[in-house]
Amino acid sequence: MSSIVDDYVRLTPRSREHFERSRAVVPAGATRSLNSWLPHPVYVRGGKGPLVWDIDGREYVDFLNNYTALIHGHAHPAVTAAISERLESGTSFGFSTELEATLAALLVERVPSVERVRFTGSGSEAVMFALRLARAFTGRMRVAKMEGGFHGAQDDVMVSVRPPPAQAGPIAQPAALPETHGLPPGLAERVLVLPFNHVDETTALIEAHAGELSAVIVEPMLGVGGMIPPVPGYLARLRELCTTHGILLIFDEVISLRLAPGGGQELYQVTPDLTVMGKIIGGGLPVGAVGGRADVMALLEPRGGHDMYDPRAGGPALYQGGTFTGNPLTLAAGLATLRELTPDRLASLDALGDELRRRIADLLGRLGAPVTVTGAGSLFTIHMTGGPLRTFREVRRADSVLQQGLFLGLLNEGVMLAPRGMGSLSTQTTALHVDRLVDAVGRVISNLCDGGAARGARG
């Protein structure tokens, strides 16, 4: 591990220098907490297609793709052309443009559950409005979410995202633990935490609290929690329970929308009431969206008055807005991205992802390393712990020191993943890039195992 860190420091001297300057004015040296790691972060100069270059001039194959947002890689010609063309006519307006309905119609066409769509500035913001819609529609205030599920940084869902195992409680009744300081008191009591992929325990918890619940929010595949696919029947059981008890089922498809033309709900054949979207629908620019059943989305419709803010004066039951919501640059980039993402192209991307996970799994088997790869389609995570991994608590066994060793070691090899081992493919990723990743993983894991460090990762 120490040799990996030493090599990393040696290879990134300009990033180290910039880190020292940056943290004098930016806490931790980066605006995004995910981009602050020891001994110092890498700072990027630019990217093209599947490649990224840092300020030291080093080249990386990018398997992070801005945490899955860049499904066509960096600076894709069709996307940059759409942005450039739109740029000449203005970047944002107080009134809507025609592009809103055009992109909304495309999403309605592709995503099975979506009848109406509203755009937001981010996925976090879309989650916030989806939960408000659920509360307004049902008249209930409590929300259920999965242990290990991440739905953005807003208060309602910053509960039990990465709970410490010693404090997480029994699997039949997971504790609702605030994820960070600064959250309002009582928040945990408003959130029911469910154990993802535990069908019987989830059923019992929902049935016990059904009268309080406005919504169950879930990623069709647990994303930040480890790229863990659902076990057969889990999502269908959620759908059945929510229908029976008048609870809205919300799918957070910010990450999983790339799993099929219609997202995870198409892949797993379960239809939610509301769908939260983001990342790929913005073509690399800030975006979020919430869509779903027309009767639920109707709460955003005005009711005949002239005050768009006040439901007592004819305004909508639920106000939603934002200065840069539905800005034409994002909408143009999103349209170009989705039009390029044909079903055939998406199928090829998923096939390459299947091949990547198979090859890494075969490699790990040959090495005898206590390391596991999970995921589906073009999404994957490499965990520094033995498998199989079907639940967040199993994912949580991974050794955090070894996980950082894998991350830094791959950066030394010119391969970019998330610090937690997560990666995604773009349509610009080729079999040669996959070769490079697999070879690099083999060298780094062998290095960690030969040093005896990996023995502590056994689960």
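The values are calculated or read from the model by the stated rules, or taken from the named source; none is laboratory data. Computed from a predicted structure; not experimentally measured. Note that we place each Cβ from the backbone using ideal geometry, even for glycine, and neighbour counts take in every protein chain shown.
Here are some notes:
- Selection status of THR429, polar (S, T, N, Q), touching a Leu at 6+ places or on another chain (Cβ under 8 Å), closer than 22 Å to VAL52 by Cβ and not in a helix (DSSP H, G or I): yes
- Residue satisfying condition, being at positive phi, touching a helix residue (DSSP H, G or I) at 6+ places or on another chain (Cβ under 9 Å) and in contact (Cβ under 8 Å) with a residue 12 or more places away in the chain, within set GLY334, GLY375: GLY375
- Cross-chain or 6+ apart pairs with Cβ under 8 Å, the range 348-361 first and free of Cβ contacts under 8 Å to residues at least 60 places away in the same chain and assigned by TED's automatic domain parsing to the domain that holds GLN428, then of a type in the set (A, V, I, L, M) and crowded, with 17+ Cβ neighbours inside 10 Å: ARG357/VAL373; ALA361/VAL373
- The range 225-264 - residue that is among the hydroxyl-bearing types (Ser, Thr, Tyr) and more than 12 Å from the chain's Cα centre (by Cα) and, of those, surrounded by the most Cβ atoms within 10 Å (Cβ to Cβ): TYR234
- Considering the range 2-84, the qualifying strands (runs of 3 or more DSSP E), each wholly inside and each with 2 or more residues that are touching a residue at least 60 places away in the same chain (Cβ under 8 Å) and within 21 Å of the chain's Cα centre (by Cα), run over 59-62.
- Pair list, Cβ < 8 Å and 6+ apart or interchain, from the range 181-198 residues that are in the same structural domain as LEU222 (by TED's automatic domain parsing) to residues that are assigned to a strand (DSSP E or B) and among the small types (Gly, Ala, Ser): VAL191/ALA144; LEU192/ALA144; VAL193/ALA144; LEU194/ALA144
Conditions (1) more than 20 Å from ILE247 (Cα to Cα); (2) not β-branched (Val, Ile, Thr), marked per residue:
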{"position": "VAL191", "(1), (2)": "no, no"}
{"position": "PHE196", "(1), (2)": "no, yes"}
{"position": "ALA208", "(1), (2)": "no, yes"}
{"position": "MET227", "(1), (2)": "yes, yes"}
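- Among (1) in a helix (DSSP H, G or I); (2) touching a residue at least 24 places away in the same chain (Cβ under 8 Å), the one test that GLN403 misses: (2)
- Scanning the range 124-165 for residues that are outside any helix (DSSP H, G or I) and closer than 18 Å to HIS245 by Cα returns GLY139, ARG140, MET141, ARG142, VAL143, ALA144, LYS145.
- Some residue of the range 287-310 being at pLDDT 95 or above, under 21 Å from the mean Cα position of the chain (by Cα) and closer than 30 Å to THR430 by Cα: yes
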